[in-house]
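Computed from the coordinates by the stated procedures, all read-outs in this text should not be read as laboratory data. A quick note: this is a predicted structure, and the numbers were derived from the prediction, not measured.
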Amino acid sequence: MTNLQKRILTSIIVLPFSLFFIIKGGYYLLSFLLLVFFLANYELFSVFNKKSTILFLDLILILSLSSIFYLAENSDSTFYLLVWVIILSVCSDVGGYVFGKIFKWKKLTKISPKKTFSGVLGSFIFSIFSLFIVNNLKINGSESLNFLEIKYFFIAIIFSLVVQLGDLTISYFKRLEKIKDTGKILPGHGGIFDRIDGLMFLLIFTVVFFKINIIP
């Protein structure tokens with residue numbers, strides 16, 4: 001089985017599994033987030049040696065998991081925002097991967113050698129597609145939000161940038177430790193931090209944007 005096939009199979013299993021607990025909410029969600037926290041911490045202390053790196057990444061992890069719980073439990077509209085940012089994060093990653101493979105433009109940075117300028121463009125484009133996907137979902141809170149408003153197109157670009165910078169941030173710390181992946185728990189992806197790298201930062205930004213009334 002190729003690495004791409006492993007990535008697809010893992011995503012098919014993990015994404016619905018994660019959404020199940022997010023939708024259930026309450027103690028189901030809290031238990032799931034605690035499981036992610038402990039598994040991610042096992043990765044942190046297993047592969048990273050610098051205390052400052054562990055402290056920073058643990059702080060980001062705690063803030064992001066807290067953001068998930070807040071957005072899921074606060075109201076129907078914030079739950080809908082949470083669904084969107086998860087979809088946007090996936091779209092941004094897929095867009096970067098697809099465009100990076102098809103259009104082999106100039107390398108973006110030495111921090112992550114596989115990143116290209118074409119991948120950045122693909123991430124932006126696919127992130128905009130996420131607006132059309134989530135706008136057609138009929139879930140709690142969907143009736144109060146219109147993701148086809150012009151402001152969400154600009155926010156989608158900003159959020160995609162956050163995802164990509166988050167990805168590069170984790171790559172930077174991995175490069176310092178001279179490691180490729182943070183773990184092996186997710187076949188084709190590596191560890192938990194390899195999978196949710198950009199999403200962690202995006203979740204925090206989403207709560208900040210909500211608190212200062214930029215969204216919804």
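Values as computed for the structure displayed
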| quantity | calculated |
| --- | --- |
| 18 Å Cα-Cα reach of Lys180 towards aspartates and glutamates, excluding residues that sit fewer than 8 places from it in its own chain | Glu43, Asp93, Asp167, Asp194, Asp197 |
| Length gained when the stretch Lys107-Phe20 is fully extended (0.36 nm per residue, less Cα-Cα span) | 27.6 nm |
